[in-house]
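Everything on this sheet refers to the single structure shown next.
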Amino acid sequence: MAMGVCGVVLTAIGSTLDEIAVNCGTTSTAVGTVFIARGAGAVAGALVSAKLYSPPTKGNTVMMCTMVVLTGLLVYIPFLTNVVGLHIIFCGLGFCTAVTDTGCQIMTRKVQGVQAGPWLGANTVVFGVAGALVPLVDIITTDLFTMYATLSTVSVITLVTLLALPHPESADVMKYLPEKLNKGVGKSKAVDEFITKYYVTEMTIGSMVFWFIGGKVLCSSYIEDYVVESGVIPSSQKEWALMTVWVFIAVGRFAGLHDQIRLNRMGVKGIHPLYTSLVLWISCGIVGGGVIFAFQKSQTAFWASMVLYGFGNGPCVGYCYDLNNRLTEATEQGMSIVMFGLNFGASIVPYAATLLWDDTPLSYRVVPVSLFVSMIAPLPFLYLTRPLNNVTSIGKDDDKSIKTVTVESA
């Protein structure tokens, strides 16, 4: 539910940015710096989460305090009338959602240990479902206040529910945690220590998440403006375009979760099947971004692109979390680094798009270009995770060729 609130906030501030900007006497593209404000808050939230969620602090307590502030910020949004206040609110939303999102992943890994992969995927499923519901609420409600009052109610319900849950750090929960977590094997000790000490794997996976979430936030924030500016479909259908993307993001995440569970049930200990699945999902997203980029005047191509991009992009972040769980030990610092990449991408990518929209001949065409690029850019980082974690060190007396080895469960 806490992940769902994060999905609600991320989608809502993007889908209603036009109306919020009008209340503040500006436009959504002119006030693109709000993404920098949100990013500053989110990056700060991701960084301090490593400390906030470290023992002896109780993770549920941190999340409850954060969600109280988050609820207050949501309620205040319809009353914003100046740009400075808008930036402050976005900064606060970024901080609160980053602390909540990071905390969900940290505590899931604490409780589930080596089996956390599908549960991390389940977190992203709820995020996607919640994001898909926001455009529907936007269509049903008639004004900003009603919409944000509805969304704030969801936050309050989650806050109350957290009060009834046991703390993941409590003894009756922690006794079920496996003693050890996944660790790569076959590397030299020096290489292994370097990768672990400097969180190289987490930084590489965080770079992948940077692009996945950046493209998603960009699409959520500006697909409606793209529809109006390009005229590819009637402007009256712009809300349905956003809803289509998020519905298929949710569908893709359900399908990805099923695949992750299947891999676990089959006793697949290596990461190779996960790599294959992730490449297939990325390829689907690339096709979606490529279709809207190649056929920018076709209605059919537009709707096909929304479906393929949403379906392909949807489960990618969940697979990245699963990959990270298989390759690294569960630490607050490591997970915070991955979430830093996520929150940094959620601000930098859409902000860069606003600059290109306003200051270059690309104009609204920056949306299809960005969607396409955001799906291709993670591939080199995905490739880099293989030699970092899976190449066997060969001794002097070993005349065999270097082989790729699996990452064993504890």
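FYI, it's all coordinate maths here, none of it is from the lab. Keep in mind the model is a prediction, meaning the values are calculated, not measured. When we count neighbours, we look across all protein chains shown, and the Cβ atoms used for this are built from the backbone with ideal geometry, even at glycine.
Once volume of the Cα convex hull per residue in Å³ is worked out from the coordinates, which option in (1) 389; (2) 139; (3) 178 does it equal? Here volume of the Cα convex hull per residue in Å³ agrees with entry (2).
Taking other C-beta atoms within 10 angstrom as a stand-in for reagent exposure, Leu384, Leu278 fall in the order Leu384, Leu278, fewest first. Considering only Tyr351, Val125, Val31, the residue lying farthest towards the positive end of the dipole of the stretch 2-390 is Val125, judged by Cα position with unit charges set on Cβ. Once both labels are positioned 7 Å from their Cα atoms along Cα-to-Cβ, the gap between Asp358 and Met1 label points is 4.0 nm.
The angle separating the long axis of helix 238-265 from the principal Cα axis of greatest extent in the chain is about 10 degrees. The ranking of Lys58, Lys51 by Cβ neighbour count inside 10 Å, starting from the fewest, reads Lys51, Lys58.
The Cα atoms of the stretch 239-377 give a gyration tensor whose axes a ≥ b ≥ c have a/c of 1.5 or more with a/b no greater than b/c, which makes the shape oblate. Among Pro350, Pro78, Pro55, the residue with the largest mean-square fluctuation in a Gaussian network model of the chain, with springs joining Cα atoms closer than 10 Å, is Pro55. Ordering Tyr309, Tyr383 by the number of other Cβ atoms within 10 Å of each residue's own Cβ, fewest first, gives Tyr383, Tyr309.
Rounded to the nearest 10 degrees, what's the angle between the helix 83-112 long axis and the longest principal axis of the chain, both from Cα atoms, 0 to 90? With both axes taken from Cα atoms, the answer is about 30 degrees. Entry note, the chain: the mean residue ellipticity at 222 nm calculated from DSSP H runs of n ≥ 4, each adding -39500 (n - 2.57), is -25500 deg cm²/dmol after division by the residues and rounding to the nearest 500. 3J(HN,Hα) along the stretch 295-301: 10, 6, 10, 9, 5, 4, 5 Hz, from the Karplus curve 6.51 cos²θ - 1.76 cosθ + 1.60 with θ = phi - 60°, whole Hz, x for Gly and Pro. For the chain, the longest principal axis of the C-alpha atoms and the axis of helix 316-327 are separated by about 20°.
Comparing mean-square fluctuations of Leu165, Leu362, Leu327 from a GNM of the chain with C-alpha springs under 10 Å, the top value falls on Leu165. Among Val160, Val245, Val367, the residue with the largest mean-square fluctuation in a Gaussian network model of the chain, with springs joining Cα atoms closer than 10 Å, is Val160. Only Lys, Arg, Asp and Glu carry charge here, each on its Cβ (+1 for the first two, -1 for the last two); on that basis the chain has a dipole of about 1040 debye about its Cα centre.
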